[in-house]
Structure formats: C-alpha cells, structure tokens
1. Taking the Cβ of each residue in Tyr52, Tyr89 as the centre, tally the other Cβ atoms inside 10 Å and list the residues starting with the fewest.
2. What spacing in nm lies between the two simple spin-label points modelled at Cys92 and Ala68, each 7 Å away from Cα in the Cβ direction?
3. Going highest first, how would you order 79-86, 127-134 by mean Cβ packing within 10 Å?
4. How long are the semi-axes of the equivalent ellipsoid of region 31-133, defined as square roots of 5 times the Cα gyration tensor eigenvalues? Whole Å, largest first.
5. Karplus couplings for region 55-66 from phi (6.51 cos²θ - 1.76 cosθ + 1.60, θ = phi - 60°), rounded to Hz, Gly and Pro as x?
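Since every read-out is calculated from the coordinates, none of them should be taken as a lab result. If you're wondering where the values come from, they're calculated on a predicted model, not measured in any experiment. All Cβ positions, glycine included, derive from the backbone under ideal geometry; neighbour counts span all protein chains shown.
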Amino acid sequence: MRYFKGIATLILLGTLTLSACSSDNEAADCERDQHALIASVESETLTVAVNYDLPLDVIYGIENSCGAFKKFEIEKNGFDWNIKVINHYTGCECSEVYRNETQKLYFRVTQPGTYTLTFNSPDGSAIQKVIIVT
C-alpha cells in the first residue's frame with residue numbers, strides 16, 4: 001500500500017510539474033513587444049528654441065485588442081535620430097481589430113542646429129521630419 005501511495009504521489013507531482021511548464025510557456029507566447037507601423041507624424045511647427053519642448057503627435061498602429069503603447073525607442077547619432085514605436089501585447093484571446101492611436105513625443109535639445117528625425121516602420125518605410133532648433 002505504501003508503495004502505491006509513493007507511486008501515486010510521484011505521478012501527481014510529475015503531472016503538476018508538466019502542466020506548470022506548459023502554462024508558463026503558453027503565458028510567454030501570449031506576451032510580446034513589437035515594433036509598430038507609423039502612419040504619420042504631425043506638429044504645428046518644426047522650429048523650436050533650445051531647451052524648449054516641441055510636441056510631435058506620432059500616429060501608429062496597434063494590431064489587436066491586446067496591444068498598447070510601451071515606449072519610443074530612440075537612437076541618437078548627433079543631429080540624426082532614428083525613432084521606433086514599440087507596442088506591448090498581453091493576452092492570447094484578442095479581438096483582431098487594427099486601430100491607430102496617437103502618442104506625443106516631446107522633442108527637446110540643448111544644442112542649436114538642424115535635426116533630422118526618422119520614424120521607422122517595420123515594413124521598411126520611414127517618415128522624416130527636419131526640425132530647426134535656434
């Protein structure tokens with residue numbers, strides 16, 4: 001009888017361990033970050049003074065109901081900036097409804113000059129904005 005209880009306990013622990021692993025893997029598959037498609041970038045002006053904010057409206061796509069804006073990923077190389085929108089997706093049961101959303105990016109620098117901001121999309125397209133800082 002003790003032998004049977006020991007075997008039953010091992011089988012139960014093994015089953016729980018396997019199911020815990022598979023649910024962790026499923027949860028990992030249902031959460032990801034993704035580079036977003038940028039539809040447009042808008043601003044009232046493309047001229048700003050040093051140490052002042054220039055708000056830019058970045059319109060980007062979200063693929064489904066599980067997605068939300070996470071961050072702007074910005075690589076600066078002097079006066080040339082490459083910018084990506086990163087969305088975060090959480091969940092496996094999502095409505096497949098594509099939508100555009102707007103996020104403000106506040107451009108501020110301490111050095112005058114002509115800055116080129118390139119907003120990159122994953123399909124290889126890009127939107128460039130040239131900003132004059134005085």
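1. Tyr52, Tyr89
2. My value for the distance between the label points is 2.1 nm.
3. Ranking, from highest mean packing down: 79-86, 127-134.
4. 28, 12, 11
5. With coefficients 6.51, -1.76 and 1.60, one gets x, 10, 8, 9, 9, 9, x, 10, 6, 7, 5, 8 Hz.
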